[in-house]
Structure formats: C-alpha cells, structure tokens
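Remarks on the structure that follows.
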Amino acid sequence: MELPHPARRLNTAEENTDVAGMIEDEDESSDDPNLQLELNAFRDQWMSELKPSSGASGLSGRLLRAKGLKRTQDIAREEKATELFLRAVQEEQNGAVYEAIKFYRMAVQLVPDIEFKINYSRPADADRVGGNYVEDNNVDEIEDLLAYFEQQLNVESSFPKICSPELDLTQMHISALPREIMMYIFRWVVSSDLDMRALEQLSLVCRGFYICARDPEIWHLACLRVWGRNCTKLVPFKSWREMFLRRPRVRYDGVYISKTSYIRQGEESLDGFYRAWHHVEYYRYLRFFPSGQVVMLTTPEDPLAVVPRLRTKNIRMDSVMLGHFRLSQETDNQTKVFAVVCKKKEEKATEFQRNRFCRRNPAPEAEHSFHVGLHLSSGGRQMFSKLEWIHHSCHINYKLTGETVVTAFDVDSKYTPFFFARVKSYTAFSEQPL
C-alpha cells in the first residue's frame, strides 16, 4: 500500500480549510436577510440602468428629468442675476456708476427681465416699529401704535419729550422746543398746499414725530380746507385723518391731464389725385388749488413743457383760463366736481383815432365762461386720480342787454377722461403754514 506524499497532504489540508471558510462566510451572509435584500435591490437598479429604456414610461422619465434639470438651472441663473442686479443697485447708490453698469449688464445677460422679477419691498422686520407693532393702512392698528408710542414715552421719563438726541451735542437740540412750537413747524411742513405726504414722511423719523403727525388738529384743519362747512361731522369716519384719506376729493399735489387725438380729413389736392388726412393731438390740463381756484388749459404742447408752468396761479399764457370749483356729494355716493372758468381779463389799451371823422361801431361787450362737470373716481392704484366728463357748456353774457346765451357741447369720445400725475415741484416750497 502506497502512502501519500507529505507535501500533497499539506496542500489538500489548505484547500479544505479555504472551502470551509467560504462555506462559513456564505452561511453568515445568508443569516442576515436585510443585507441580502439590499444586494438584490442594488443588482436590480444596476441592471435597469444598464438596459436602454424603452416605451412611453422611459420617454416620460427622460422628459421629467430634463424638465427638472432645466428648472434647476433657471432658478440658479435667476438667483445669480438677482445677486448681480442688487450689487449694481448698491454700486449706483454709492456713486460708482461704471461698476454699476458692469453688474447691470451681467445681470441682464443672464435674465433679460430680471428688473421686473426682483421684489424691492423691505422684509417684514424692517417695517417693525416698537416691537410687534407694524404701521399699516388699518386704522385700528394705527391707533394702537399711537397709544403704544405714547405709553413708551411716559414710561421712559416723568417729563416726556417729543424726541431725544442720539449723540451728544453742544448746540440746542430740537427736542428742547415746546410742543406748541413743534406743532407750528409741522403746520409749515403741511403748508397751505396741503402736502400731507410730507407729513407722513416726517412721521417716520421717530416716535415723537409719529405722535405729532397724528395730531387731530392738523388733520381737522386739512379737512376744513378741502370740504369747508361740509365736514362738521366726523361720522362715519373714526378720525379726521381717516376722513382726509378716504373721503373723495381732488388732489392738489399734481395736475390732471387729458390727451385727445383723432384723424381729420383735409382738403383735396388741386389735381384731384389725393386728399390729405391730418392727425390732430392736443392736451387738456386741470390744476386745482386748496383755495378753491382752478386753472384749465387746452394746448397741443407736450406735458414736459406745460406742467412746470402750472405751479402757480399766475400763468403767463394766453390760452389759460382761471376760475373756481366745488365738490358735490350725491345721494348715490358719487362725487362730482363742478368748475366755472373764463379767460383772464386784459386791460384794454387806449385807442387813438387816426381820423376824427372816422366812426366805428364797437362790438358788443360779452363775457365768455365755460361750465365743466366731472365725475371723480379712482383709477388704478392711486386714489381719486380719474375725472370723467359729464357736462361742458359755454355761457356768453352780453353786458348791454344782460342776455345770456348758453351753448352745450355733446360729450362724446373726444372728451377723454383726465388722469392725475403727481408733480413734486408743486409742493417743494411752503409759502404759508396750514
């Protein structure tokens, strides 16, 4: 009997040991079911990615992935353009115009309409004044904010001041002035032009200015200038400020403009080959003053040339008409504006007759006045910014006979409505206090 070689027996033992180890590993892996499931899922996913997708499900999957990728790229591009645009705005405010132009160009190249996609409103925290109180158009919240500010001033000092200096000053601070003097200064801010917008901006300075700007006396005087004896009762409004802001009225810090254009047929040519057509375009301007006066002007000149000349009532233009107006509150809650305007009276120069035998029959003296009726409404975001025609007539009064001839015009499509345009220069200077 032949015995096995020692080396052969050693190799056989090592192979048996390796096989036993592999069997033990397989037994241990088979004991963990979660690991086996993860491996199977990984194999299935790997095989599905290797195989080309076919059918409608594969096509829709690719489309969804493409849309998602495109949307992600668009969002990233818009965020980058927004960052560049805001950087350009900051550079422009700092005076670096060339740097601002560079960032503007980069932002527009990414998103052409990025200017209209940016939200310029301040965050909610920036509008907060005095804790959790936020100024809003709601009257109840404004009254609570006013009471809150007054309570804060009373708590901080037994002798409350309107305001206090932020830094140490060697000169007298405005907070040392009495409250009566401060209110008189505020009346100069409002002025006789009723610039209530400047008063609202002044109220943003500090809590004390906010309280002074909500003083009922100022708003009551403003209401008296607008409606006169028709504002004796506060009902249905809760305050004089609410009445001034919500009750229909004409605006004094700008001008109402109406643009009319039409096509008119001209004369036929001498040879009869063609007939000219003319495009006619002109403007009507209405400027109201708190004193009850109104200025009306009809001219083909552009508003850029006419609006600055309507700042005061002393206008050196031949076609301008001066008059007065009144507001009428109808039973159907419609507010109408009635105005009577006429041309400025010119002093007649003394006429010397060239020939003493010359006899001329003078033309009968007559006064022309125009009566205008308009319906006041709100157009767009601005309050009380639209005036629609309801009546227009010419009254001719002959002085010798006392006869009055009235000619009423048909209010048709040529009578386009007036729209309000605010002019900052009209309220830039104060001539007298409220």
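The values are calculated or read from the model by the stated rules, or taken from the named source; none is laboratory data. This is a predicted model, so every value here is computed, not measured. Note that we place each Cβ from the backbone using ideal geometry, even for glycine, and neighbour counts take in every protein chain shown. Protein only, heavy atoms only, side chains kept; ligands, DNA and RNA dropped before computing areas. Shrake-Rupley method; radii C 1.70, N 1.55, O 1.52, S 1.80 Å.
Descriptive notes on the structure:
- Taking all protein chains together and a 1.4 Å probe, the residues Lys313, Lys70 rank Lys70, Lys313 from largest to smallest accessible area.
- Cross-link check: pairs Lys259/Lys414; Lys259/Lys386; Lys233/Lys313; Lys117/Lys424; Lys313/Lys336 evaluated at a Cα-Cα cut-off of 20 Å; pairs beyond the cut-off: Lys233/Lys313; Lys117/Lys424; Lys313/Lys336.
- If the chain linking Gln45 and Asn314 were pulled fully straight, counting 0.36 nm for each residue of separation and taking away their Cα-Cα distance, it would gain 88.2 nm.
- Per residue, in Å², the accessible surface of segment 156-259 once ligands and nucleic acids are set aside, probe 1.4 Å: 58 Å²
- Evaluated at q = 0.12, 0.16, 0.23 Å⁻¹: base-10 log I(q)/I(0), Debye formula over Cα of segment 207-290: -0.58, -0.78, -1.09
- Given R0 = 45 Å, the distance between the Cβ atoms of Met183 and Gln93 translates into a calculated FRET efficiency of 0.85.
- Accessible area of Tyr262 in the full protein assembly, 1.4 Å probe (Å², nearest 10): 70 Å²
- Most to least accessible of Val108, Val406, Val190 (protein chains only, probe 1.4 Å): Val406, Val108, Val190
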